[in-house]
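K.L.:
Below you'll find the structure I mean.
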């Protein structure tokens, strides 16, 4: 498939549409099934330093939204400028002084059941995960989730998606040979974490071979009909 943008990165996917941005700072919403795309209006914010991204669907209004979030640090006070694009109105909205005292760790949000999710800490460039921050695409409101009690070192926590559920992968340390995958269970008003399974890595493959903390552990963790899982790893030398 020919992408509408060269050297592009994926902001997110929702309901078959893909949001891309390229090295010219141009943003597209692309439908690869029918080979059509729409170039978005210019982003109303100049900085792409430590930019956080998200893309999701507001089913109540049949509206796709893209988020571009930028850090603002003034005299050690941390907050965010949040730019929200609405495909339905073809317009940008900018919200200032959002999430004061919160540092979003992963660059790309995970979109699950109407919400975008990031891991978060409380100080700039602190990658020790303390909680999970959510953004409701329909209501444009922020929320938070507590972490499961999965270990002592929260530096090695990454968000992911298993099927249609939010998940996280926890690895005890950089040389560990196993990782635990947790699933967020939502039953009515009760939300809880449950450990789903443990990954035992092949010899010489551990999280020290994986991606940086700022990236989720996978776009999707797929299961075959036989129950096998597919996880990407860098080439070993």
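Each value in this text was obtained by applying a stated rule to the coordinates, not by laboratory testing. Quick caveat, the model's predicted, so the values are computed rather than measured. Virtual Cβ from ideal backbone geometry, glycine too; neighbours counted across all protein chains shown.
K.L.:
On a C-alpha basis, how far is the centre of the stretch 116-132 from the centre of the stretch 60-97 in Å? Whole number, if you could?
P.N.:
For the stretch 116-132 versus the stretch 60-97, the Cα centre distance is 18 Å.
K.L.:
How do 81, 191, 162 rank when sorted from fewest to most other Cβ atoms within 10 Å of their own Cβ? Walk me through the numbers on the way to the answer.
P.N.:
Details: 81 17, 191 12, 162 22.
In increasing order of surrounding Cβ atoms, one gets 191, 81, 162.
K.L.:
Please work out how much length the chain gains when fully extended from residue 61 to residue 139, using 0.36 nm per residue of separation minus the C-alpha to C-alpha distance, in nm with one decimal.
P.N.:
On the way: separation 78, 0.36 × 78 = 28.08 nm, distance 1.07 nm.
Contour length minus Cα-Cα distance gives 27.0 nm.
K.L.:
Still on this structure, please answer the following. Give the order of 36, 52, 185 when sorted by the count of other beta carbons within 10 angstrom, beginning with the fewest. Mind dumping the intermediate values first?
P.N.:
Values: 36 10, 52 20, 185 13.
With the fewest neighbours first, 36, 52, 185 line up as 36, 185, 52.
K.L.:
Using the 10 angstrom Cβ neighbour count as an exposure proxy, how do 62, 153 rank, fewest first? It would help to have the intermediate numbers written out before the result.
P.N.:
Details: 62 10, 153 15.
So the ranking, lowest neighbour count to highest, is 62, 153.
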